[in-house]
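Below: the structure, in structure tokens.
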Amino acid sequence: MKDVEMKMLERAKALLGSGEVARVIGWKKGEFYFDPVPASFESVEELSDFVYNGFCGANLSKYLIQMSKKEGKTAIFLKPCDSYSFNQLVKEHRIVRENIHVIAIECQGKLDIEKIKAQGVSAVTEVEEDGDTVKVSSLYGETTLNKEDILLVKCATCKSKTHQAKDEEIVLHEMPESKNNRFDEVEKLEAMTETERFAFWKLQLQKCIRCNACRNVCPACSCIKCVFDNPASGIAAKANDSEFEEKLFHIIRAFHVAGRCTDCGECSRVCPQNIPLHLLNRKFIKDIDGLYGEYQAGETAEGKTPLTSYTEGDKEPNDVVDGEAK
Amino acid sequence: MQRIGVFICWCGSNIAATVDVERVAEIMKSEPGVVYSANYQYMCSENGQQLIKQAIKEHNLTGIVVGACSPRMHEATFRKAAEAAGLNPYMVEIANIREHCSWIHKDMEEATEKAVVLVRTAIAKVKLNAPLTAGESPVVKRALVIGGGIAGIQAALDIADAGFEVDIVEKNATIGGRMAQLDKTFPTLDCSACILTPKMVDCAQHEKIDILSYSEIEDVKGFVGNFSVTIRKKARYVDETKCTGCKICMEKCPSKKGLNTFNMGLNTRPAIHIPFAQAIPNVAVIDPEQCIKLKTGKCGICQKFCGVGAIDYEQKDTFIERQYGAIVVATGFKPISLESFNEYGYDDNKDVITSLELERLMNAAGPTNGVLLRPSDGEHPKVITFIQCVGSRDTSGCGKPYCSKVCCMYTAKHAMLIREKYPDTEVHVFYIDVRTPGKNYDEFFRRAVEQYGVDYIKGMVGKVYNENGKLMVQGSNLIDNEQVTIESDLVVLAAAIEPEPSVRKIATLLTASIDTNNFLTESHAKLRPVESPTAGVYLAGMCQGPKDIPETVSQASACAAKVIGLLVKDKLKTNPCVATPDEMMCNGCSQCANVCAYGAITYIDKEFRLGGGKTEVRRVASVNPAVCQGCGACTVTCPSGAMDLKGFSSKQIMSEVEAICKK
Ligand SMILES: Cc1cc2nc3c(=O)[nH]c(=O)nc-3n(C[C@H](O)[C@H](O)[C@H](O)COP(=O)(O)OP(=O)(O)OC[C@H]3O[C@@H](n4cnc5c(N)ncnc54)[C@H](O)[C@@H]3O)c2cc1C
Ligand code: SF4
Ligand code: SF4
Ligand code: SF4
Ligand code: SF4
Ligand code: SF4
């Protein structure tokens with residue numbers, strides 16, 4: 001991974017140095033090794049903080065909405081999954097493709113610090129990935145962990161290792177194949193009875209503290225004025241004051257991103273309460289696939305989307321019984 | 001301060017028998033904002049309207065709620081009354097306490113309670129109404145007829161005779177529709193071609209009619225008075241302007257084994273062909289699935305022989321976009337597929353045929369030159385059994401629940417014609433009921449029985465099977481209460497009819513509604529039978545429901561009258577209840593434009609002030625009010641709620657919901 005980071009830094013320096021781009025969006029060192037944060041670098045000097053490691057799970061594409069409006073071209077590092085969100089933003093005219101230079105980067109699956117802690121390792125100072133295992137160094141020594149066990153939820157069910165948009169590429173090693181297992185958990189939910197499912201979601205959503213992190217991170221939630229921030233919408237609220245309110249927020253948001261959510265998994269990743277929000281969106285994705293044909297948001301930056309277009313083969317509402325097409 | 005007036009209608013006993021109208025009116029008097037409340041026997045009557053007008057003036061009303069029938073009945077009436085009294089017509093709300101209340105409830109107490117809620121709901125909405133003004137839009141003085149069967153032909157001729165341009169878009173290579181396939185027509189038994197083809201020729205020669213054959217509707221945008229339609233002219237590989245219809249190509253084409261669809265597949269035809277002798281336009285068409293040149297690149301014989309160089313293997317589909325003021329849908333019908341009716345042995349026995357196939361077998365221009373010969377061996381059938389209601393009036397789920405309406409008459413026709421021409425033939429007809437109302441219709445059927453000795457057997461057929469080359473028709477005779485088996489040479493199935501399947505796409509493009517059987521729905525079953533609920537779209541012929549030629553022609557002429565009535569107008573009032581985006585909130589994401597069926601939404605780049613002297617250019621939605629139909633699709637698509645609808649704003653709808661939920 002170090003070699004990838006080096007190469008990225010080299011390219012960032014070259015692009016900024018030559019003035020080809022006015023800024024580079026990437027990650028910079030956080031307080032600890034395991035919390036790098038998204039950052040915009042505007043000069044070669046600023047790049048001294050640059051980092052790319054196993055903890056760079058954050059999807060950078062949403063930053064382009066603001067950053068790419070600025071003077072000059074913006075370069076951005078996109079992992080395969082981030083490139084879907086990128087396309088979706090182009091499709092919805094939220095960003096202008098021509099103003100952006102996409103550097104497609106290698107991703108071996110990103111790590112979840114909470115899962116590492118759960119394995120009994122704390123105060124991580126560095127990780128070294130080696131195929132299926134990860135050597136984790138901490139203040140207390142070295143441990144080798146199974147990579148499977150410490151991947152972010154979104155990476156354990158990675159949907160694709162193909163970049164859907166790129167102007168150049170930094171891929172130095174082969175990337176693991178995706179497992180096509182992302183609907184397994186949805187199927188488990190579907191197998192529940194209605195009462196069980198309701199209880200499941202009630203339990204999960206009860207935990208929500210309405211920090212809005214899920215919405216704020218979501219590339220599909222890019223509205224200039226979100227309904228939840230707009231007193232005139234009649235549904236804006238800063239806190240969940242009732243059980244109904246808890247669900248309302250999530251159900252409305254799920255509907256708003258339906259057909260647009262790329263399944264980037266960021267909502268679940270950032271949720272401080274560990275609510276598996278991605279399951280809600282994946283259920284929508286699975287239903288859309290079933291009713292209107294396979295569709296992956298963000299695969300392209302053009303073309304029709306299933307929920308805002310009509311084709312003759314579309315299922316009529318009365319063809320749908322218990323969530324399944326007749 | 002708002003001053004709302006409430007008017008509760010009895011609708012004779014329609015409402016008053018189930019809803020305590022006096023009580024409702026009384027309760028409304030104490031609703032906040034209501035300054036006047038009354039009830040009356042017929043609000044829509046002259047006197048009722050007078051009452052409304054007077055109240056508006058006397059009490060200085062700022063908005064009114066009429067608790068009455070569906071707004072589809074009388075919203076326009078009450079809006080006009082309000083306008084006459086000086087109130088903006090869009091300050092009127094209707095509470096539907098008839099269809100939504102009195103008609104569907106029995107208990108007076110409950111119905112009254114519900115009526116109160118419905119009226120309160122309308123009051124909540126009217127309080128948020130704002131005066132609106134209708135604009136005007138010009139009328140394009142040209143009509144489109146979709147489907148060139150007898151319905152489309154008649155409608156086009158009538159509209160064109162009134163002096164308006166008409167285009168007929170026909171998906172087949174010729175106009176004429178099903179009627180062109182028929183032999184003789186009931187009830188007068190005149191030859192179908194003899195009465196149809198002169199009308200086809202009239203269409204071709206009419207200076208106001210443009211026939212776009214072998215064409216389909218690709219896209220429809222716009223609205224009444226201003227439809228913009230994209231038509232796909234399918235590649236026929238023959239230049240229409242050059243082909244003289246000499247048919248030399250048909251003679252020379254080596255690929256002669258294509259099923260002749262005009263003859264219901266009873267014989268074959270060359271890859272290049274003219275569907276039938278009197279086809280309009282009389283221009284050949286190449287079936288690309290069958291043409292050797294188009295499939296393999298070799299051949300090209302027709303091109304060599306064509307004297308005028310009309311053959312063009314390179315021809316591509318072309319698209320034409322035209323504007324129309326009105327659209328007539330006349331897409332007709334097809335017989336149902338018989339695959340769910342194995343008991344009649346249609347798939348297994350060549351001599352089990354449909355009535356439409358029989359029409360071709362009896363037609364002088366058909367595969368047997370009008371001599372009735374059975375398909376299997378070309379012999380004269382001596383015993384013929386007809387089975388009626390194959391798939392009609394069938395509630396089992398295999399067929400159609402409705403009566404196809406024409407089968408009793410055409411079966412009597414077939415039976416009679418056969419007995420007339422071949423008196424030595426025995427003819428049996430299995431029927432459930434014989435339904436032949438209509439002028440000279442029952443007489444026609446009786447002639448078949450009494451004069452021509454056709455054996456009508458009341459009962460259903462259980463099975464048709466082949467035994468030593470004979471078709472055994474096993475059924476019950478309900479009158480004699482016995483099982484019968486008739487040894488037959490030919491079995492004719494009166495297959496149910498269904499709307500031509502492509503009507504679904506047309507209906508969707510036109511936002512016209514269709515019923516569960518795929519028939520287009522009329523605006524009002526009794527009072528607006530030729531109008532679709534979509535303004536400017538009219539319905540003629542079988543696409544709207546089963547009917548015979550006289551009815552089809554009447555409906556087509558009625559459509560024409562409606563179309564002419566529209567096209568003579570220079571301007572139409574537009575609906576002011578249109579969508580408007582809040583630019584400050586619009587993301588420019590294009591989702592609303594994607595769902596707008598009318599193409600009303602475009603995008604503009606607009607400069608916004610950000611404060612501190614900074615500005616930002618953003619892409620925002622812009623609605624063309626002349627094109628927007630107020631359907632609301634965009635408002636529910638917009639995630640941030642930037643798009644809203646005048647007259648039906650989210651606020652208004654939420655206030656209604658709240659009024660309903662409030663105890
Ligand atoms: C066996 C049989 C015998 C009959 N005998 C008699 C009789 O003796 N007397 C009588 O009065 N009636 C008779 N009828 C009924 C008669 O056929 C119909 O009433 C009549 O044909 C209806 O005309 P139409 O124009 O509505 O439909 P059609 O004749 O079906 O014409 C519809 C036309 O629209 C075209 N079309 C369809 N879809 C599209 C599309 N998407 N785009 C463009 N074009 C399209 C079709 O190609 C066709 O040309 C008989 C019917 C049957 C089945
Ligand atoms: S809803 Fe979640 S998974 Fe979907 S795009 Fe937004 S952040 Fe990504
Ligand atoms: S929740 Fe809805 S309105 Fe809010 S940002 Fe997301 S999509 Fe936009
Ligand atoms: S991130 Fe989690 S806690 Fe915060 S609003 Fe979303 S679901 Fe609720
Ligand atoms: S309401 Fe919206 S979707 Fe409907 S016609 Fe108007 S602009 Fe189009
Ligand atoms: S859907 Fe809403 S936010 Fe998107 S372009 Fe239309 S009005 Fe603007």
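Numbers at a glance
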{"read-out": "For chain B, the Rg and Dmax computed from alpha carbons only, in angstrom", "value": "30.6, 101"}
{"read-out": "Label point distance in nm, A:E245-A:N212, each placed 7 Å from Cα along Cα→Cβ", "value": "1.4"}
{"read-out": "Amide H contacts of B:A579 (H built 1.01 Å from N, under 5 Å, at least 5 apart or other chain)", "value": "B:G630, B:K646"}
{"read-out": "Selection of chymotrypsin sites (Phe, Trp or Tyr not before Pro), region A:1-54, meeting DSSP coil and at most 14 other Cβ within 10 Å", "value": "A:F32"}
{"read-out": "Interatomic Cα distance distribution for region B:248-305, bins of 5 angstrom, percent", "value": "4, 20, 31, 25, 15, 5, 0"}
{"read-out": "Karplus-derived HN-Hα couplings along region B:460-471 (A = 6.51, B = -1.76, C = 1.60, θ = phi - 60°), whole Hz, x at Gly and Pro", "value": "9, 9, x, 6, 10, 9, 9, 10, 6, x, 9, 8"}
{"read-out": "Centroid-to-centroid separation of region B:75-145 and region A:222-263 [C-alpha atoms, Å]", "value": "32"}
{"read-out": "Cβ charges +1 (Lys, Arg) and -1 (Asp, Glu), total dipole of region B:338-496, debye", "value": "620"}
{"read-out": "Candidates per trypsin sites (Lys or Arg not before Pro) in region B:1-83, loop by DSSP, up to 14 other Cβ within 10 Å", "value": "B:K29"}
{"read-out": "Hz values of 3J(HN,Hα) by residue in region B:305-310 - Karplus curve (6.51, -1.76, 1.60), Gly and Pro given as x", "value": "8, 5, x, 10, x, 7"}
{"read-out": "Peptide-level mean, for A:222-234, of C-beta atoms on other protein chains within 10 Å", "value": "5"}
{"read-out": "Bins of 10 Å from zero: percent of alpha-carbon pairs in region B:4-126", "value": "16, 53, 29, 3"}
{"read-out": "Charge dipole (debye, nearest 20) of region A:133-257; +1 at Cβ of Lys and Arg, -1 at Cβ of Asp and Glu", "value": "320"}
{"read-out": "With Cα atoms, 0 to 90° folded angle of helix B:150-161 axis to chain B main axis", "value": "60"}
{"read-out": "Distant-in-sequence amide H partners of B:V34 (H built 1.01 Å from N, under 5 Å)", "value": "B:I4"}
{"read-out": "Cα gyration tensor, region A:111-150 - rounded (a/c under 1.5), prolate or oblate", "value": "oblate"}
{"read-out": "Volume of the Cα convex hull of region B:278-432, divided per residue and given in Å³", "value": "231"}
{"read-out": "Tilt relative to chain B, helix B:192-205 - C-alpha long axis, 0 to 90 degrees, to 10", "value": "60"}
{"read-out": "Degrees separating the helix A:194-206 axis from the principal Cα axis of chain A, which is the longest one", "value": "40"}
{"read-out": "Karplus-derived 3J(HN,Hα), 6.51/-1.76/1.60, for each residue of region B:586-596, Hz, glycine and proline x", "value": "6, 8, x, 7, 6, 5, 5, 5, 5, 8, 5"}
{"read-out": "Segments B:353-360, A:175-182 sorted - mean Cβ within 10 Å per residue, highest first", "value": "B:353-360, A:175-182"}
{"read-out": "Intensity falloff of region B:397-507 expressed as log10 I(q)/I(0), Debye formula with alpha-carbon point scatterers, at q = 0.09, 0.23 Å⁻¹", "value": "-0.29, -1.40"}
{"read-out": "Lys, Arg +1 and Asp, Glu -1 on Cβ, resulting dipole of region B:154-309 about Cα centre, debye, nearest 20", "value": "1040"}
{"read-out": "Net charge of neighbours whose Cβ lies under 11 Å from the Cβ of B:Q544, counting Lys and Arg as +1 and Asp and Glu as -1", "value": "-3"}
{"read-out": "Convex hull volume of region A:1-76 per residue (C-alpha atoms, cubic angstrom)", "value": "79"}
{"read-out": "Between region A:267-325 and region B:282-330, the alpha-carbon center distance in angstrom", "value": "41"}
{"read-out": "5 angstrom amide H check on B:I8, placed H, neighbours 5+ away", "value": "B:A38, B:N39, B:Y40, B:G67"}
{"read-out": "Shielding score for A:258-264, defined as the mean number of other chain Cβ atoms within 10 Å", "value": "1"}
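Every number here is computed from the coordinates shown, using simple stated rules; none is lab data. Since the structure is predicted, the reported quantities are computational estimates derived from the model, not experimental observations. Note: ideal-geometry Cβ built from the backbone for every residue, glycine included; neighbour counts use all protein chains shown.
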